[in-house]
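Trainee: One structure follows; several queries about it will come next.
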Amino acid sequence: MDKTRVLFFCLLVAGATRMSGRAFAQEPMIPPLVISTATAPTESEYVYKGDRLRDPFVPLIGGGAGAVAAAVQPELGSFNPAGAELKGILKSPTGRWAILRTTDGGVYIVQNGKVHDPKRRVVDGYQGVIKERTLILLGPKNEEVELRLKKDEEAANNKP
C-alpha cells in the first residue's frame, strides 16, 4: 500500500510539473494594441493683451517667470563708461568691488580688474582699477574714464 501511494504521488507531481511547464511555455494572451488615428481637439492658446507689465496667468515660480522678467527688462546695449555713475565701492576680504550704473539702466560690477555685465559675463576690452573712493575704467585705445562717488562729486563741486 505504501508503494502505491508513493507511485501515485510521483505521477501526480510529474503531471503537475508537465502541465505547469506548458502553461509557462505558452505566451500569455495580450489583447491587441489599438491605435486611434483621431487626434484630440487642441485647446486655443490664451494671449494676455492687458496694459499690465506681467501676465496674471503666468506663474511667479518656475519657467514662466524668467520669460516675463526678460520681457520686462530692456535689452542692454554695449558698455559705455562715459555716461556711467559710480554707485558704490564694497570692501571684502577678497578685495574691492565697484558697482556702477550706465545711462541705459544696466548695472555693472567691477571685480579684480574685470568689468562684468548684468549677466555676470566679462565685458571685453575694459578693465577697472578700484581705488579708495574712485574707479578708473581703462577701455580700448587707452581710453581712461575716472568715476567718483556721487557725494564726493557734490563735495568737489561745492568747494569755492
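Trainee: For segment 75-91, which positions are aliphatic (A, V, I, L, M) and either closer than 16 Å to Gly139 by Cα or modelled with pLDDT of 80 or more (or both)?
Mentor: Of everything in segment 75-91, those that are aliphatic (A, V, I, L, M) and either closer than 16 Å to Gly139 by Cα or modelled with pLDDT of 80 or more (or both) turn out to be Ala82, Ala84, Leu86, Ile89, Leu90.
Trainee: Still on this structure: Which pairs have Cβ atoms under 6 Å, sit 6 or more apart or on different chains, and link a residue in segment 101-121 that is modelled with pLDDT of 90 or more to one that is among the basic types (Lys, Arg) and surrounded by 13 or more Cβ atoms within 10 Å (Cβ to Cβ)?
Mentor: From residues that are modelled with pLDDT of 90 or more, the pairs are Arg101/Lys87; Val107/Arg101.
Trainee: Taking segment 90-148, which residues are surrounded by fewer than 12 Cβ atoms within 10 Å (Cβ to Cβ), in a loop (DSSP other than H, G, I, E, B) and not polar (S, T, N, Q)?
Mentor: Pro93, Gly105, Lys119, Arg120, Arg121, Glu132, Arg133
The values are calculated or read from the model by the stated rules, or taken from the named source; none is laboratory data. None of these values were measured; they are calculated from a predicted model. Because the Cβ atoms are built from the backbone with ideal geometry, glycine has one as well, and the counts that use them run over all protein chains shown.
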